Each structure stands twice: as structure tokens, then as C-alpha cells.
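A short worksheet on the structure shown next.
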Amino acid sequence: MDTATVIIRENLSTEQVMKLRSEEIKKGNQVNIRRIHSKLVEVEIIQGANIIDITPTRTLIG
């Protein structure tokens, strides 16, 4: 499978970044976010990547 990477560097609010992130994850893309400084955010979108989520989840017993 081919992958494509898109990098966006803009002055975005936290809300805008999180909305963009959730939309891209719904499309099956991987999203990396870096805040360069207080007004500049870099969003890297990797399209066509096979992602395995290894984020631990907490299970409450009892």
C-alpha cells in the first residue's frame, strides 16, 4: 500500500487541531501533532498507513 504524507504548519487553535485530528483518524490516517511555539502548530498526516493502536486501556475489575 502506498503512503502519502501531508504536513501543515499554521496558526491553529487547540479546538481546530483536535477537530482536524479526529476527522483524519476517522478516514484511517495517522496524525502527529507538534506545537512549534504558542502560535504555530505542525500537523503531519500520514495517509494509507497501516496503524496498530498499542495504547493501553484501563480495565476496572470488581
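Looking at the structure I just gave you, is residue 34 among the charged types (D, E, K, R) and within 11 Å of the chain's Cα centre (by Cα)? Taking the combined requirement at face value, the residue satisfies it. Residue 39 satisfies every condition listed in (1) open to solvent by 40 Å² or more (accessible area, probe 1.4 Å); (2) within 10 Å of the chain's Cα centre (by Cα) except (2).
Once segment 22-62 is narrowed to residues that are assigned to a loop (DSSP other than H, G, I, E, B) and of a type in the set (Lys, Arg), the residue that is modelled with the lowest pLDDT is 58. Pairing each residue of segment 38-49 that is more than 12 Å from residue 8 (Cβ to Cβ) and in contact (Cβ under 8 Å) with a residue 40 or more places away in the chain with any residue that is basic (Lys, Arg) and exposed (fewer than 14 other Cβ atoms within 10 Å of the Cβ), provided the two are 6+ apart or on different chains, yields C-beta distances under 9 Å for 47/27.
When you look at residue 19, is it of a type in the set (D, E, K, R), under 11 Å from the mean Cα position of the chain (by Cα), at pLDDT below 95 and open to solvent by 100 Å² or more (accessible area, probe 1.4 Å), yes or no? So that I can check it myself, show each step before the final result.
On the way: of a type in the set (D, E, K, R): yes; under 11 Å from the mean Cα position of the chain (by Cα): yes; at pLDDT below 95: no; open to solvent by 100 Å² or more (accessible area, probe 1.4 Å): yes.
Considered against the rule, which asks whether it is of a type in the set (D, E, K, R), under 11 Å from the mean Cα position of the chain (by Cα), at pLDDT below 95 and open to solvent by 100 Å² or more (accessible area, probe 1.4 Å), residue 19 comes out as no.
The values are calculated or read from the model by the stated rules, or taken from the named source; none is laboratory data. Source: prediction; values computed, not measured. Here the Cβ is made from the backbone with ideal geometry for all residues, glycine too, and neighbour counts use every protein chain on show. Each accessible area value is taken on the protein alone, full model and side chains, heavy atoms only, with ligands, DNA and RNA left out. Shrake-Rupley method; radii C 1.70, N 1.55, O 1.52, S 1.80 Å.
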